[in-house]
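Novice: What follows is a structure written as C-alpha cells; I'll ask about it next.
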Amino acid sequence: MLAMEFIRAHPDQVRRAAALKGEEAPVDQLLEVDRRWREMTAAAETSRAEQNALSKQFGSSREQTLLPRMRELSAQAKALIAQADALSRERDELLLQIPNVFHETVPIGATADDNVVVREWGTQPSFGFTVRTHYDIGEALGIMDFERAARVAGSRFAFLKGEGARLERAMVQFMLDLHTREHGYTEVLAPFLVNTAAMFGTGQLPKFGDDAFRVQGRDLWLIPTAEVPVTNLHREEMLDAAQLPLNYVAYSPCFRSEAGSAGKDTRGYIRLHQFSKVELVKLVEPDASLGALEELTGQAEEVLRRLGLHYRVLSMCTGDMGFGQYKKYDLEAWAPGLGRYLEVSSCSVFSDFQARRANLRYRPGPGESPRYLHTLNGSALALTRTLDCVLETYQQPDGSVTVPDALRSYLPGVDYLRGGV
RNA sequence: GGAAGGGUGGCUGAGUGGUCGAAAGCGCCCGCCUGCUAAGCGGGUAGGUGGUCUGAAACUGCCUCCCGGGUUCGAAUCCCGGCCCUUCCGCCA
C-alpha cells in the first residue's frame with residue numbers, strides 16, 4: 001500500500017495513477033476519512049493525556065478525591081477512542097484499495113495494444129512442413145492428456161506422462177540450476193498454502209480473492225504464485241543493510257481459479273488451474289530497485305536464450321499493469337504452432353508497496369531509522385507455456401521433438417521425444 | 001489430538017497491578033583515554049502515528065511488551081479466546 005503521508009501530499013498523482021491503471025481508487029473518500037480520523041484522534045488523545053497525567057499523580061499520592069474525575073475521563077476517552085478506531089479501520093480498508101503509482105518510464109495506455117516492445121531476440125523459425133500445435137504434438141506422442149485430466153479434476157487441468165513429465169521436470173531443474181549457479185540466487189522450497197495475512201502482504205487480497213483457491217474451513221489459500229510465500233519470507237523482520245539484496249528462486253505449482261477468463265485459451269497447455277513455475281524474488285534497498293528490475297528481467301530472458309526460443313520483451317503500459325506494480329516487463333516467447341507469442345514471464349518491481357503491507361524493513365546503517373525494502377519478482381519461467389514453445393519450436397516432420405541442447409544433460413539418453421516413458 | 005511450559009526492544013534476557021516503553025548484558029553511535037582496529041571510562045541508542053512549524057531540526061501528545069476481547073481510575077503483569085514456539089505422549093509420511 002501507499003503511505004498515507006504520500007497520498008495526503010500527492011493526491012493528484014495518486015488519482016492519475018489509478019485512473020491510468022484502470023482502477024477505482026477511493027482517494028477522496030480516503031482523504032476525508034483520514035481527516036476525520038486525525039480530528040477524532042486529537043480529541044481522544046487530549047482526553048487520554050489528561051487521564052494519564054492524573055493516573056500518574058494518583059500512583060504516587062493515592063489521593064482519593066481524584067477518582068471521580070479519573071472515572072469520568074476514562075469513560076470519555078474510551079468513547080472517543082472507539083470512534084477514532086472505527087475511522088482508522090475504515091481508513092485502512094480504503095488504503096488497501098489504492099493502487100500503487102507507477103514509474104515515469106512506464107508507457108501510458110489502456111490495453112495490451114499500448115504495451116511497448118523494447119527488444120526482441122532471435123527470429124521466428126521457419127519449417128519446411130505444416131507446423132503443429134503443442135497439444136497436437138503432445139497428444140500424438142501420448143505425453144499430454146487433457147481428456148483424462150478433465151475426468152479426474154475438470155477442465156483446465158492436464159496430465160503430463162512419460163517423456164512429457166520428465167521434460168517438465170528437466171526444465172524446472174535446468175532453470176533452478178541456472179539461477180542458483182550462475183545468477184546467485186538462493187533456492188527456496190516454500191509452503192504451497194499460505195494464510196490470509198500473506199495474501200494481503202503481496203496484494204492478492206483484498207481485491208483479487210476470486211482469482212485464488214481457498215481451503216474450506218481453514219485460514220489457508222493455495223498459492224497463485226511462489227511470489228506470495230517467498231516475498232513474505234521476511235515479513236515482520238528487521239534486516240541489516242549488509243544482508244541485501246536478497247535473491248531467492250523458488251519452484252512451485254501455482255493455483256489459479258481463472259475466474260475472469262472463461263472461454264479464453266481453453267485449448268492446450270496454456271491457461272490451467274494448476275501450473276508449474278520457477279519464480280525469482282528480490283528484496284533490495286530502494287535505490288537499487290529499478291536496476292534490479294533490469295537485472296531480473298535479463299536473468300529470466302537468459303532462460304529463453306539458452307533454450308533457443310525466439311522472444312520479445314514488452315514494457316507494460318499503465319492499463320495492463322497490476323494493482324501493486326510500479327513497473328513491469330512481460331516476456332513473450334514465440335509458439336510457432338499456435339502462431340502467436342505466449343506470455344511466459346512477468347517481471348515487476350513494486351517499490352515499497354508490498355513491503356509496507358508485509359512489514360519488510362531494514363536498517364540502512366547503524367543508528368539509522370528503519371526503512372521499507374523494495375520488492376521484485378518475475379517468472380523465470382512459467383513451465384506450461386515455455387514447454388509449449390519448446391515442443392512447437394523443436395518439432396520435427398515425423399512428429400518427434402528434438403531436445404534443446406540446454407536440456408540434454410537433464411534428460412540423459414533422450415535426444416528426441418518420441419513418446420517414450 | 002492430549003499434557004506442561006513459553007512468546008518482552010536489532011539480539012539475549014529481567015520484570016506479577018501505578019513512579020515501566022520496560023533492569024541488565026550484547027550490538028551499534030558519540031566522546032575520553034591509551035603512541036598503532038583491543039581493553040577501560042562516560043554518555044547515547046525501540047517502533048508506529050499525530051500536533052506545533054513554510055520545511056528541516058527541535059519540542060510535544062498518543063499507541064505499541066504475539067494477536068483480539070475483558071476486569072480496573074490504571075495492565076507487560078490479572079481473566080477469556082486465538083495464533084505460534086518448545087518438551088513429553090499419541091498419530092502419521
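The values are calculated or read from the model by the stated rules, or taken from the named source; none is laboratory data. Note that the coordinates shown come from a computational prediction; the quantities given were computed from them, not determined experimentally. For neighbour counting, all protein chains shown are included, and Cβ atoms are generated from backbone atoms with ideal geometry for every residue, glycine included.
Novice: What about A:Glu90, is it within 26 Å of the chain's Cα centre (by Cα), more than 9 Å from RNA strand B (Cβ to nearest atom), assigned to a loop (DSSP other than H, G, I, E, B) and of a type in the set (Asp, Glu)?
Specialist: Against the criterion (within 26 Å of the chain's Cα centre (by Cα), more than 9 Å from RNA strand B (Cβ to nearest atom), assigned to a loop (DSSP other than H, G, I, E, B) and of a type in the set (Asp, Glu)), A:Glu90 does not qualify.
Novice: Step by step: first the residues of the range A:12-28, then only those that are assigned to a helix (DSSP H, G or I) and in contact with a helix residue (DSSP H, G or I) (Cβ under 6 Å, 6 or more places away or on another chain), then the one that is farthest from RNA strand B (Cβ to nearest atom). Which residue is that?
Specialist: Once the filter is applied, the top-ranked residue is A:Leu20.
Novice: Any idea which of (1) in contact with a Leu (Cβ under 7 Å, 6 or more places away or on another chain); (2) without any contact (Cβ under 8 Å) to a residue 12 or more places away in the chain; (3) not aliphatic (A, V, I, L, M) is the one A:Ser348 doesn't satisfy?
Specialist: (2)
Novice: Give me the pairs, please: first residue somewhere in the range A:6-34 and not assigned by TED's automatic domain parsing to the domain that holds A:Ser351, second residue anywhere and within 14 Å of RNA strand B (Cβ to nearest atom) and of a type in the set (S, T, N, Q), beta-carbon distance under 9 Å, and either six or more positions apart or on two chains.
Specialist: Here the result reads A:Val33/A:Ser88, each pair linking the range A:6-34 to a residue that is within 14 Å of RNA strand B (Cβ to nearest atom) and of a type in the set (S, T, N, Q).
Novice: Mind telling me which of the residues A:Val249, A:Val303, A:Val230 ends up being away from RNA strand B (no atom under 16 Å from the Cβ), more than 30 Å from A:Thr393 (Cα to Cα) and surrounded by 23 or more Cβ atoms within 10 Å (Cβ to Cβ)?
Specialist: So the residue among A:Val249, A:Val303, A:Val230 that is away from RNA strand B (no atom under 16 Å from the Cβ), more than 30 Å from A:Thr393 (Cα to Cα) and surrounded by 23 or more Cβ atoms within 10 Å (Cβ to Cβ) is A:Val230.
Novice: Out of all the residues in the range A:372-392, is one or more within 16 Å of RNA strand B (Cβ to nearest atom), in the same structural domain as A:Thr225 (by TED's automatic domain parsing) and surrounded by fewer than 24 Cβ atoms within 10 Å (Cβ to Cβ)?
Specialist: There is at least one residue in the range A:372-392 that is within 16 Å of RNA strand B (Cβ to nearest atom), in the same structural domain as A:Thr225 (by TED's automatic domain parsing) and surrounded by fewer than 24 Cβ atoms within 10 Å (Cβ to Cβ).
So that you can scan it fast, the table gives a plain yes or no per residue for (1) more than 27 Å from A:Gly209 (Cα to Cα); (2) of a type in the set (A, V, I, L, M); (3) out of contact with any Asp or Glu (no Cβ under 8 Å at 6 or more places or on another chain); (4) modelled with pLDDT of 95 or more:
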{"site": "A:Leu244", "(1), (2), (3), (4)": "yes, yes, no, no"}
{"site": "A:Val249", "(1), (2), (3), (4)": "no, yes, no, yes"}
{"site": "A:Gly260", "(1), (2), (3), (4)": "no, no, no, no"}
{"site": "A:Arg271", "(1), (2), (3), (4)": "no, no, no, yes"}
{"site": "A:Phe275", "(1), (2), (3), (4)": "no, no, yes, yes"}
{"site": "A:Val278", "(1), (2), (3), (4)": "no, yes, yes, yes"}
{"site": "A:Leu304", "(1), (2), (3), (4)": "yes, yes, yes, yes"}
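Novice: Here is a further query. Would you please name the residue that is nearest to A:Ser74 (Cα to Cα), looking only at residues in the range A:38-59 that are more than 8 Å from RNA strand B (Cβ to nearest atom) and surrounded by 19 or more Cβ atoms within 10 Å (Cβ to Cβ)?
Specialist: Of everything passing the filter in the range A:38-59, A:Ser47 is nearest to A:Ser74 (Cα to Cα).
Novice: Considering every residue within the range A:356-368, establish whether at least one is among the charged types (D, E, K, R), assigned to a strand (DSSP E or B) and touching a residue at least 12 places away in the same chain (Cβ under 8 Å).
Specialist: Yes, because at least one residue in the range A:356-368 is among the charged types (D, E, K, R), assigned to a strand (DSSP E or B) and touching a residue at least 12 places away in the same chain (Cβ under 8 Å).
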